[in-house]
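*Asks:* What follows is a single structure, and I will ask about it in a moment.
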Amino acid sequence: MNSLLITATDTESGKTVLTTALFSYWQKYCSRSLGIMKPIQAGVGDREWYQKLFSLQQSPEEITPLYFQAPLAPPVAAAKENRTVDLGVVWQALTALRQRHDFVLVEALGGLGSPVTDEMTVADLAGSWHLPTVLVVPVRLGAISQAVANVALARLTKVQLIGIILNCVQPRTDEEIAELTPIDLIQSLTNIPVLGCLPYLENPADVNKLAQVAANLDLERLLPLVL
């Protein structure tokens with residue numbers, strides 16, 4: 001399937017950094033067409049960031065089919081506006097993007113366990129829509145248990161989880177990364193490959209640096225149409 005869902009263990013874990021890095025790499029090194037989507041957004045954030053950073057041939061509605069004003073969980077934000085979370089609109093938009101582009105990066109909201117509707121989480125959506133998924137795990141205390149718990153949730157909901165990306169949400173030394181997120185231990189406990197680690201970026205808008213750090217990830221699994 002010509003898409004990749006980027007999710008995480010929680011909010012503020014690095015989904016946008018990974019999405020931006022992969023998009024920067026693709027634009028720099030690949031001539032094929034790439035689409036980007038934030039299916040549901042609550043409050044100002046990622047859609048505006050992508051519009052500012054890249055020259056996208058997509059309307060705001062194509063980037064984010066469902067947009068709510070309040071920065072809350074979608075079912076809560078929708079209720080405040082007397083609206084519903086219409087996943088049919090999201091699916092139609094994603095299908096249209098897949099038809100127009102060779103590949104589509106889809107950044108999920110919140111974490112894998114975040115609610116999308118009153119009945120569904122991001123994990124439920126990823127599983128039912130058969131979206132190949134990568135899990136971003138921030139490098140900090142508790143990362144191992146978060147990785148284990150989220151992989152268990154992914155298996156429960158039949159998510160096609162292709163790998164884990166570690167992300168430094170603050171400056172970390174190589175020793176700290178190895179101690180807080182030991183790759184061999186995480187892979188042993190989850191049976192999911194770690195596909196790389198994103199360093200802390202002082203300037204997350206530097207697309208050249210973003211493309212450079214993306215080049216150090218396992219792109220053969222993340223962006224199969226590039227290589």
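*Asks:* Pull out all pairs, ordered by first then second residue, where Cβ-Cβ is under 8 Å, the residues are six or more apart or on different chains, the first lies in segment 171-182 and is farther than 21 Å from ASN203 by Cβ and in contact (Cβ under 8 Å) with a residue 60 or more places away in the chain, and the second is of a type in the set (Ser, Thr, Tyr) and surrounded by 14 or more Cβ atoms within 10 Å (Cβ to Cβ).
*Replies:* Correct list of pairs: empty, since none qualify.
*Asks:* So, in segment 38-65, how many residues would count as being hydrophobic (A, V, I, L, M, F, W, C), farther than 18 Å from GLY111 by Cβ and open to solvent by less than 10 Å² (accessible area, probe 1.4 Å)?
*Replies:* Here the count works out to 1.
*Asks:* Take segment 116-126 and flag every residue that is open to solvent by less than 30 Å² (accessible area, probe 1.4 Å) and either among the polar types (S, T, N, Q) or assigned to a loop (DSSP other than H, G, I, E, B) (or both).
*Replies:* Of everything in segment 116-126, those that are open to solvent by less than 30 Å² (accessible area, probe 1.4 Å) and either among the polar types (S, T, N, Q) or assigned to a loop (DSSP other than H, G, I, E, B) (or both) turn out to be VAL116, THR117.
*Asks:* I've got another one for you. Regarding TRP26, is this residue open to solvent by less than 70 Å² (accessible area, probe 1.4 Å) and farther than 17 Å from VAL104 by Cβ?
*Replies:* No.
*Asks:* In segment 187-208, which residues are over 16 Å from LEU135 (Cβ atoms), touching a Ser or Thr at 6+ places or on another chain (Cβ under 9 Å) and among the hydrophobic types (A, V, I, L, M, F, W, C)?
*Replies:* Answer for segment 187-208, where residues must be over 16 Å from LEU135 (Cβ atoms), touching a Ser or Thr at 6+ places or on another chain (Cβ under 9 Å) and among the hydrophobic types (A, V, I, L, M, F, W, C): ALA205, VAL207.
*Asks:* Looking only at residues that are out of contact with any strand residue (DSSP E or B) (no Cβ under 7 Å at 6 or more places or on another chain) and open to solvent by less than 50 Å² (accessible area, probe 1.4 Å) in segment 94-115, which one is farthest from PRO138 (Cα to Cα)?
*Replies:* Checked segment 94-115; the qualifying residue farthest from PRO138 (Cα to Cα) is ALA96.
*Asks:* Sort out which residues of segment 94-103 are under 18 Å from the mean Cα position of the chain (by Cα) and among the basic types (Lys, Arg), and write them in order of number.
*Replies:* The answer is ARG98, and nothing else.
*Asks:* With the condition kept exactly as written, say whether any residue in segment 208-217 is farther than 26 Å from TYR25 by Cα and without any contact (Cβ under 8 Å) to a residue 12 or more places away in the chain.
*Replies:* Within segment 208-217 (the criterion being farther than 26 Å from TYR25 by Cα and without any contact (Cβ under 8 Å) to a residue 12 or more places away in the chain), the answer is no, since none of the residues qualifies.
*Asks:* Taking the residues in segment 66-93 that are within 15 Å of GLY110 (Cα to Cα) and open to solvent by 30 Å² or more (accessible area, probe 1.4 Å) as candidates, determine which candidate is farthest from the chain's Cα centre (by Cα).
*Replies:* By that ranking, first place goes to VAL76.
*Asks:* On the given criteria, is GLN170 under 19 Å from the mean Cα position of the chain (by Cα) and under 19 Å from LEU34 (Cβ atoms)?
*Replies:* So GLN170 does not fit the description; no.
The values are calculated or read from the model by the stated rules, or taken from the named source; none is laboratory data. Just so we're clear, the structure is a prediction, and the values are computed from it rather than from any experiment. Here Cβ is always computed from backbone atoms with ideal geometry, including for glycine, and neighbour counts include all displayed protein chains. To get the accessible areas, we keep the full protein, side chains included, count just its heavy atoms, and leave off ligands, DNA and RNA. Shrake-Rupley method; radii C 1.70, N 1.55, O 1.52, S 1.80 Å.
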